[in-house]
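Asker: The structure's right below; bear with me while I get my questions together.
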Amino acid sequence: MNDLQPIVDAAQAAFAQAATPADLENAKALFLGKSGRMTELMKGMAALSVDEKKTRGAAINLAKQAIEAALTGARQGLADAELAAQLQAEALDVTLPGRQRGQGGLHPVSLAQERIEAIFGSMGFDVAQGPEIEADWFNFTALNTPEDHPARSMHDTFYVEGGSESGGGASGTAPNLLRTHTSPMQIRYAVQHVKKHRAAAGDSGEGLFSGAMPEIRVIAPGRTYRVDSDATHSPMFHQVEGLWVGENISFKDLKSVYLNFITTFFETDELQLRFRPSYFPFTEPSAEIDIMFESGPLKGRWLEVSGSGQVHPQVIRNMGLDPERYIGFAFGSGIDRLAMLRYGVNDLRLFFDGDIRFLSQFQ
Ligand code: PHE
């Protein structure tokens, strides 16, 4: 047995050193292979006597078993190590933050529009929506802007296929168009309002209405279109129309409502408001509303934010109301302009380019 123990030791040492399964199989061949050391020892038994063969054979077998056991142990060791390495490599750190899904959010113009709706809502204004493809009648004629009126050229209009009755006593049809402002909603909303309340009052519905009805108080925000494109004009833009019609509504009401709106919208009392005489066919008198911040980055500059005016008597008539009883004011403000001022954006086109780097700043 004396000559066998060093071989067993050598085998154990060789197996323990094998770093890979291939190394281990090479080491195995040295001891248990066809010309391995144990095989050679077996061959050497041929010359022994029967008795010697017994004892020698038993000793060799023992040594061989020890080597095979060492081999199995080494194989298991390598397999364990490989599994451990794999587990380590694929380890999951459950404490890491999850992969973020990009969070969507409202567009800055929508944010501005929501603010506008909430502010006017708090002052008792209804919010109305209307069509973007509009009849000539609502966009122009009913707003005291007949076909040959020079004010029509103030709006570079997109015309679309199809037409509607000219209306207002004119015969034939006029082409439909993409509304150039939200003012057609003045007529659409008021006509519905008047129809509803004169029916409720038992009125026949003929002629102009001069009975009692609740005031009209509405805003109509939405998309508007003009053939125009530069840093401050986009062919598609947003306006909000405001209309307040009752029996004793005056410019001072317009001023107090608008001032309340604008100071709430910009969250500051440090601004001034002024009316600058202007012209619109559907208001008389008409005024541009300018504001000036008394502090902040826009301090000291007059900024135009809205057209406005007292609703023209002809427009009151086109609403179905008697202008002897009903009077009101209207305004039309650019929502994009208000959003630019509120968020400090200097190019209107940024709103409509769809660049996520710009838009994500508003989330
Ligand atoms: N509709 C006008 C425009 O687009 C604005 C306006 C609305 C003016 C209501 C007076 C009253 O320029």
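Asker: From the list PHE140, PHE120, PHE158, exactly one residue is within 16 Å of the ligand (Cβ to nearest atom), farther than 16 Å from GLY222 by Cβ, surrounded by 12 or more Cβ atoms within 10 Å (Cβ to Cβ) and hydrophobic (A, V, I, L, M, F, W, C). Which is it? Quick ask: steps written out before the conclusion?
Answerer: Details: PHE120 fails: farther than 16 Å from GLY222 by Cβ; PHE158 fails: farther than 16 Å from GLY222 by Cβ.
Only one candidate qualifies: PHE140.
Asker: Is it true that ALA22 is within 30 Å of ALA81 (Cα to Cα) and touching an Asp or Glu at 6+ places or on another chain (Cβ under 9 Å)?
Answerer: Numbers: within 30 Å of ALA81 (Cα to Cα): yes; touching an Asp or Glu at 6+ places or on another chain (Cβ under 9 Å): no.
Spelling it out, it is not the case that ALA22 is within 30 Å of ALA81 (Cα to Cα) and touching an Asp or Glu at 6+ places or on another chain (Cβ under 9 Å).
Yes/no matrix, rows are residues, columns are (1) over 24 Å from GLY332 (Cβ atoms); (2) under 34 Å from the mean Cα position of the chain (by Cα); (3) modelled with pLDDT of 95 or more:
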residue	(1), (2), (3)
SER153	no, no, no
ASP156	no, yes, no
TYR159	no, yes, no
SER166	no, no, no
GLY172	yes, no, no
ALA199	yes, no, no
PRO214	no, no, yes
VAL218	no, yes, yes
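Asker: Of all residues in the stretch 275-319, how many are assigned to a strand (DSSP E or B), more than 10 Å from the ligand (Cβ to nearest atom) and in contact (Cβ under 8 Å) with a residue 40 or more places away in the chain?
Answerer: The qualifying residues number 1.
Asker: Something else now. Please verify whether ARG152 is within 19 Å of PRO281 (Cβ to Cβ), without any contact (Cβ under 8 Å) to a residue 24 or more places away in the chain and surrounded by 14 or more Cβ atoms within 10 Å (Cβ to Cβ), treating the condition exactly as stated. Walk me through it before giving the result.
Answerer: Details: within 19 Å of PRO281 (Cβ to Cβ): yes; without any contact (Cβ under 8 Å) to a residue 24 or more places away in the chain: yes; surrounded by 14 or more Cβ atoms within 10 Å (Cβ to Cβ): yes.
Yes; evaluated as a whole, the condition is true for this residue.
Asker: Given the structure, is THR232 within 16 Å of the ligand (Cβ to nearest atom) and of a type in the set (Ser, Thr, Tyr)? I'd like the intermediate steps shown before the answer.
Answerer: Values: within 16 Å of the ligand (Cβ to nearest atom): yes; of a type in the set (Ser, Thr, Tyr): yes.
Yes: the conditions hold for THR232.
Asker: One residue is enough: does the stretch 20-32 have a residue meeting the conditions touching a residue at least 12 places away in the same chain (Cβ under 8 Å) and surrounded by fewer than 12 Cβ atoms within 10 Å (Cβ to Cβ)?
Answerer: Kept after step one, since they are touching a residue at least 12 places away in the same chain (Cβ under 8 Å), are these residues of the stretch 20-32: 20-21, 24, 27-28, 30-32.
Filter once more, so that each one left must be surrounded by fewer than 12 Cβ atoms within 10 Å (Cβ to Cβ): 20.
So far as the stretch 20-32 goes, yes, one or more of its residues are touching a residue at least 12 places away in the same chain (Cβ under 8 Å) and surrounded by fewer than 12 Cβ atoms within 10 Å (Cβ to Cβ).
Asker: Quick test of your reading of the structure: LEU350 fulfils all but one of (1) of a type in the set (A, V, I, L, M); (2) surrounded by 18 or more Cβ atoms within 10 Å (Cβ to Cβ); (3) in contact with a helix residue (DSSP H, G or I) (Cβ under 6 Å, 6 or more places away or on another chain). Name the failing condition by number.
Answerer: (2)
Asker: State yes or no: is VAL257 in contact (Cβ under 8 Å) with a residue 12 or more places away in the chain and under 19 Å from ALA190 (Cα atoms)? Steps first, please.
Answerer: Working: in contact (Cβ under 8 Å) with a residue 12 or more places away in the chain: yes; under 19 Å from ALA190 (Cα atoms): no.
The answer is no for VAL257.
Asker: Moving on to the next point. Could you tell me which of the residues GLY205, GLY242, GLY246, GLY222 is assigned by TED's automatic domain parsing to the domain that holds GLY332, surrounded by 14 or more Cβ atoms within 10 Å (Cβ to Cβ) and on the phi > 0 side of the Ramachandran plot?
Answerer: On the way: GLY205 fails: surrounded by 14 or more Cβ atoms within 10 Å (Cβ to Cβ); GLY242 fails: on the phi > 0 side of the Ramachandran plot; GLY246 fails: on the phi > 0 side of the Ramachandran plot.
It is GLY222.
Asker: So for the stretch 80-95 (the condition being under 28 Å from SER333 (Cβ atoms) and either touching a helix residue (DSSP H, G or I) at 6+ places or on another chain (Cβ under 8 Å) or exposed (fewer than 10 other Cβ atoms within 10 Å of the Cβ) (or both)), does at least one residue qualify? If you could, list the steps in order and put the result at the bottom.
Answerer: Looking only at the stretch 80-95, we keep the residues that are under 28 Å from SER333 (Cβ atoms), and these are none.
Checking the stretch 80-95: not a single residue is under 28 Å from SER333 (Cβ atoms) and either touching a helix residue (DSSP H, G or I) at 6+ places or on another chain (Cβ under 8 Å) or exposed (fewer than 10 other Cβ atoms within 10 Å of the Cβ) (or both).
Asker: Let me ask something else about it. Might you check whether a residue that is surrounded by fewer than 19 Cβ atoms within 10 Å (Cβ to Cβ) and either within 16 Å of the ligand (Cβ to nearest atom) or in the same structural domain as GLU288 (by TED's automatic domain parsing) (or both) occurs anywhere in the stretch 328-340? Give the steps one after another, and end with the answer.
Answerer: Taking the stretch 328-340 as the starting set, the residues that turn out to be surrounded by fewer than 19 Cβ atoms within 10 Å (Cβ to Cβ) are none.
No, the stretch 328-340 has no match at all.
Asker: Just the residues that are touching a His at 6+ places or on another chain (Cβ under 6 Å) and of a type in the set (A, V, I, L, M), please, taken from the stretch 173-231.
Answerer: Scanning the stretch 173-231 gives MET213, ILE216.
The values are calculated or read from the model by the stated rules, or taken from the named source; none is laboratory data. This is a predicted model, so every value here is computed, not measured. Please note: Cβ atoms are built from the backbone with ideal geometry, for glycine as well, and neighbour counts cover all protein chains shown.
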